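Encoded as structure tokens, the structure appears first; notes follow it.
The values are calculated or read from the model by the stated rules, or taken from the named source; none is laboratory data. Everything numeric in this text was worked out from a predicted model, so none of it was measured. All Cβ positions, even for glycine, are placed from backbone atoms using ideal geometry, and neighbour counts span all protein chains on display. Accessible surface areas use protein heavy atoms only, side chains included; no ligands, DNA or RNA. Shrake-Rupley method; radii C 1.70, N 1.55, O 1.52, S 1.80 Å.
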Amino acid sequence: MKSFNLRQLKLRSGEEYRDEIELELEPFEFGGERYLPVPGTVPAELAITKASTGTVFQLGFNARLHGPCYRCLGDAVLELPISAREYQATNPDGSDELRTPYLSDDNLDLTAWARDAVALALPDKILCRADCAGLCPTCGKNLNDEPHTHDDEPTDSRWAALEALREQL
Ligand SMILES: [Zn+2]
Ligand SMILES: [Zn+2]
């Protein structure tokens, strides 16, 4: 389901509509990388509650994103439990805080809402695991597969200069 039409609902104040829906999730661009929701369609719980002053929308689902790890570029899987809430006043009086951006002409844009809710739930960095060692800055190998250091190699350019001198002697 990409959007939900409210016209069919004839909720009176105090009434609640609750339904299990199939929600379509979109791929994400994050930090220049692409993350795919797997599966692309997830079961979601949609609740619409009518109050005297407005309507409360709630959307709950679990998103699972697949994409590259920020540190090692290996496969990362991110589980995100999402619980989003929006409010639309019956008379918003031009105030953006009293209206949800996902509602237009009685149509609730579930895809846009779900995308923004997932974006808000993303961590600073998507990692394959919390303690991912990343790639070696010297040789570029994956430090998770091959933990190593390069202590025995000269890192200071002065040592390289000495090395070159010694070869000339
Ligand atoms: Zn990693
Ligand atoms: Zn290395």
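List of remarks:
- Being under 30 Å from Arg129 (Cα atoms) and either surrounded by 12 or more Cβ atoms within 10 Å (Cβ to Cβ) or out of contact with any Pro (no Cβ under 8 Å at 6 or more places or on another chain) (or both) holds for only one residue in Glu86, Glu33, and it is Glu33.
- Pair list, Cβ < 9 Å and 6+ apart or interchain, from the range 126-143 residues that are of a type in the set (Val, Ile, Thr) to residues that are within 8 Å of ligand 2 (Cβ to nearest atom): Thr138/Thr149; Thr138/His150
- Asp96 modelled with pLDDT of 95 or more and open to solvent by 40 Å² or more (accessible area, probe 1.4 Å): no
- Selection count, the range 102-115, where residues are open to solvent by less than 60 Å² (accessible area, probe 1.4 Å) and not in a helix (DSSP H, G or I): 4
- Of everything in the range 66-101 that is assigned to a loop (DSSP other than H, G, I, E, B) and free of Cβ contacts under 8 Å to residues at least 40 places away in the same chain, the residue that is nearest to ligand 2 (Cβ to nearest atom) is Pro101.
- Within the range 116-141, considering residues that are closer than 30 Å to Thr100 by Cα and within 15 Å of ligand 1 (Cβ to nearest atom), the one most open to solvent (accessible area, probe 1.4 Å): Asp124
- Unique residue being open to solvent by less than 70 Å² (accessible area, probe 1.4 Å), free of Cβ contacts under 8 Å to residues at least 60 places away in the same chain, closer than 30 Å to Asn144 by Cα and among the small types (Gly, Ala, Ser) when the list is Ala47, Ala63, Ala51: Ala63
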